[in-house]
Amino acid sequence: MAASTTVASAGCTVTDGEHTVAEACPGLDSSGVRHLKNFRILWISVQVSLAMLVLIRSLRFRLAARIKLTRPSAAGAGTTTTMTASRVADIIAMIDEHTVAGTMSGERVAAFCAMINAHCHDDGGTEILHEGYKLMRRLGKGGCGRVVMAQRRSTGQTVAVKTIHARRGARRPDTSELLKEACFLAACRGHPYLVGLHGVVRDPRSREYCLVMDYVGPSLNDHLNTHVEEHGRGFPEAYVRRVMRQLLTGAAAMHERGIIHRDIKPTNILVGDDDLTVKLCDYGCAMPIAKAVPPYGLIGTVPYMAPEMLLEKPDYDERVDSWSLGCVMAELLSGEELFPSVKTTDALRKIFDALGMPGKKTWQGFKSTPPADKVQQWRARRQEAQRKDRLRELFPEELLSSQGFHVLKGLLTCNPGKRLTVAAALRCPWFRVDAPGTDDASGSRSGGTELARHTASCADHRLGKVLQAGSVAIICLAH
């Protein structure tokens, strides 16, 4: 097949054979013809190489991602899969890479979903929402999405189905956000105090993907509000201890899996129907610890943010979750938010008012943060009235024992380097009291008699109200 090339500068056509070209274009010698043909061959080679690189990169992505999610763990090869911290970080990095590059095609989304579902390996699962699940009623709706209760057709199991909304004026939801949350849910799957993933399904009507998760019950926020309305106070210490033991255990498991929640609050904690089991949920703000590159950004809910987040410190660690859990513990005891605020500066002022102004060593780690100058000016104006730590005044002995206060104070420490990790908090003596199968404060081997009496009393009170109204209460989740 003859090749032809137009040479604009010479005004002639190059065909096969140097002699033909030389005759047709007297101004072009044989050396120039050879250079021209070599350039054409080089250009074709470059194009072929680029196409091959794109193909190899696509195949490598699919193969590597599938291996990361489906390779059996060493402890249980051939029986189950483990979503390790490094795998979570790698998968999140791949999702971010394709999102930034604009290459998150429908085919890639489907591939990610298939890999995540392979990790969940629910028997008889389906990727079509209405084929595998019967939708029952809406549980909650928020700015990020909505959650409905559903029943799995094959087993009758009750689950929760979450669909995310489009945000920031976008026409469609950001599928990458859903995929990342699915990874975190898959990593937390099977833990008694963490909401886990059953699978990612697609709604054929809206063509959007949904998360199928554990169904638990109402939020801890609703549970607390109901208790305050009925009793006019927060929960007793025994109940708070049981809840905190579960929450700290769940958070410790997340941290072991390389995940920081970053938005722990009562509305993101679900209470089981027995009122005794709680689970952390909603990992939309979570981030992987491994391979994270600062700045991490300001994210979460202001009244539960740690000081280093409020001060926009570019890097922080899992102890931001410790602080949030301290805020939750205080709220459970008092029945109200410890640092109610909307703006970050208001939250910082309330923190310093309750816990005292940070010392020089603590403040040294915050001086380089963007809002530090404003806070420093406010700090200087109040220097003459250097407030002491008033936390014990807010939670006196009759409300919280000395061992319980040690945990609360350790979680609510401004200096992140001195703050208790969730694992360290679980080792505190407070949790040895009334632990399952151990002696409670009265010395009897009850395993939580005070908590059981409190729960039974609350259950009787609620049952009476339901019977009086002649209706069944509908539990809603706040997400």
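The values are calculated or read from the model by the stated rules, or taken from the named source; none is laboratory data. All of these numbers come straight from a predicted model, not from anything done at the bench. When we count neighbours, we look across all protein chains shown, and the Cβ atoms used for this are built from the backbone with ideal geometry, even at glycine.
Confirm whether Val195 is closer than 24 Å to Asp274 by Cα, at pLDDT 95 or above and among the hydrophobic types (A, V, I, L, M, F, W, C). Give the steps one after another, and end with the answer.
Details: closer than 24 Å to Asp274 by Cα: yes; at pLDDT 95 or above: yes; among the hydrophobic types (A, V, I, L, M, F, W, C): yes.
It is true that Val195 is closer than 24 Å to Asp274 by Cα, at pLDDT 95 or above and among the hydrophobic types (A, V, I, L, M, F, W, C).
Please indicate, with yes or no, whether at least one residue in the range 289-299 is assigned to a loop (DSSP other than H, G, I, E, B), within 19 Å of Gln246 (Cα to Cα) and in contact with a helix residue (DSSP H, G or I) (Cβ under 8 Å, 6 or more places away or on another chain).
From the range 289-299, those assigned to a loop (DSSP other than H, G, I, E, B) are 289-299; that's our starting set.
After this cut, where a residue has to be within 19 Å of Gln246 (Cα to Cα) as well, the list is none.
Checking the range 289-299: not a single residue is assigned to a loop (DSSP other than H, G, I, E, B), within 19 Å of Gln246 (Cα to Cα) and in contact with a helix residue (DSSP H, G or I) (Cβ under 8 Å, 6 or more places away or on another chain).
Given the conditions (1) within 13 Å of the chain's Cα centre (by Cα); (2) farther than 25 Å from Leu348 by Cβ, report the number of the one that Lys279 does not fulfil.
Result: Lys279 passes all but (1).
What do you reckon, is Arg387 at pLDDT below 90 and either in a helix (DSSP H, G or I) or not assigned by TED's automatic domain parsing to the domain that holds Glu237 (or both)? Step through it out loud before you land on a result.
Details: at pLDDT below 90: yes; either in a helix (DSSP H, G or I) or not assigned by TED's automatic domain parsing to the domain that holds Glu237 (or both): no.
It is false that Arg387 is at pLDDT below 90 and either in a helix (DSSP H, G or I) or not assigned by TED's automatic domain parsing to the domain that holds Glu237 (or both).
Quick one: in the range 300-326, of everything that is hydroxyl-bearing (Ser, Thr, Tyr) and in a loop (DSSP other than H, G, I, E, B), which residue is nearest to the chain's Cα centre (by Cα)? Give the derivation first.
Kept after step one, since they are hydroxyl-bearing (Ser, Thr, Tyr), are these residues of the range 300-326: 301, 304, 316, 322, 324.
From what's left, in a loop (DSSP other than H, G, I, E, B): 301, 316.
Values: Thr301: 13, Tyr316: 15 Å.
Result: Thr301.
State which residue is modelled with the highest pLDDT when the search covers only the range 333-363 and only residues that are part of a helix (DSSP H, G or I) and of a type in the set (S, T, N, Q). I'd like the intermediate steps shown before the answer.
Taking the range 333-363 as the starting set, the residues that turn out to be part of a helix (DSSP H, G or I) are 333-334, 344-355, 360-363.
Those left that are additionally of a type in the set (S, T, N, Q): 334, 344-345, 362.
Numbers: Ser334: 97, Thr344: 91, Thr345: 87, Thr362: 69.
Result: Ser334.
Anything in the range 86-105 that is surrounded by 13 or more Cβ atoms within 10 Å (Cβ to Cβ), of a type in the set (A, V, I, L, M) and out of contact with any helix residue (DSSP H, G or I) (no Cβ under 7 Å at 6 or more places or on another chain)? List them, or say none.
Ala89, Ala93, listed by residue number.
Which residue, of Ile264, Ile260, Ile269, Ile289, is within 20 Å of the chain's Cα centre (by Cα), closer than 23 Å to Leu197 by Cβ and without any contact (Cβ under 8 Å) to a residue 60 or more places away in the chain?
The unique qualifying residue is Ile269.
Being of a type in the set (Asp, Glu), buried (at least 20 other Cβ atoms within 10 Å of the Cβ) and either without any contact (Cβ under 8 Å) to a residue 12 or more places away in the chain or over 30 Å from Ser176 (Cβ atoms) (or both) is the filter here; which residues of the range 192-237 pass it? Full working, then the answer.
Step one: of the range 192-237, the residues of a type in the set (Asp, Glu) are 203, 208, 214, 222, 229-230, 237.
Retained after the next criterion (residues that are buried (at least 20 other Cβ atoms within 10 Å of the Cβ)): 214, 237.
Glu237, the sole residue that qualifies.
Scan the range 158-191 residue by residue and report those that are of a type outside the set (D, E, K, R), assigned to a loop (DSSP other than H, G, I, E, B) and touching a residue at least 40 places away in the same chain (Cβ under 8 Å).
The initial filter retains those residues of the range 158-191 that are of a type outside the set (D, E, K, R), namely 158-161, 163-166, 169-170, 173, 175-176, 178-179, 182-188, 190-191.
Subset that is assigned to a loop (DSSP other than H, G, I, E, B): 165-166, 169-170, 173, 190-191.
The one that is of a type outside the set (D, E, K, R), assigned to a loop (DSSP other than H, G, I, E, B) and touching a residue at least 40 places away in the same chain (Cβ under 8 Å): His191.
Identify the residue in the range 132-172 that is aliphatic (A, V, I, L, M) and in contact with a Gly (Cβ under 7 Å, 6 or more places away or on another chain) and, among all such residues, is modelled with the lowest pLDDT. Spell out the reasoning first.
Taking the range 132-172 first, the residues aliphatic (A, V, I, L, M) are 135-136, 139, 147-150, 159-161, 164, 166, 170.
Going one step further and asking which of them are in contact with a Gly (Cβ under 7 Å, 6 or more places away or on another chain), we end up with 147, 164.
Values: Val147: 93, Ile164: 87.
It comes out as Ile164.
Can you run down the residue pairs with Cβ atoms below 6 Å, 6 or more apart or on separate chains, where the first is in the range 409-432 and modelled with pLDDT under 95 and in a loop (DSSP other than H, G, I, E, B) and the partner is of a type in the set (Asp, Glu) and surrounded by 16 or more Cβ atoms within 10 Å (Cβ to Cβ)?
Pro416/Glu308
Any idea which of Asp273, Asp282 is crowded, with 19+ Cβ neighbours inside 10 Å and in a loop (DSSP other than H, G, I, E, B)? Full working, then the answer.
Numbers: Asp273 fails: crowded, with 19+ Cβ neighbours inside 10 Å.
None of the other options fit; the residue is Asp282.
Whether any residue in the range 123-131 is among the acidic types (Asp, Glu), outside the structural domain of Ile260 (by TED's automatic domain parsing), modelled with pLDDT of 50 or more and closer than 19 Å to Ala286 by Cβ is what I want to check.
Going residue by residue through the range 123-131, those that are among the acidic types (Asp, Glu) are 123, 127, 131.
When the remaining residues are screened for being outside the structural domain of Ile260 (by TED's automatic domain parsing), the result is 123, 127, 131.
Right, trim to modelled with pLDDT of 50 or more and you get 127, 131.
Checking the rest, the ones that are also closer than 19 Å to Ala286 by Cβ come to none.
The answer is no, given that none of the residues of the range 123-131 is among the acidic types (Asp, Glu), outside the structural domain of Ile260 (by TED's automatic domain parsing), modelled with pLDDT of 50 or more and closer than 19 Å to Ala286 by Cβ.
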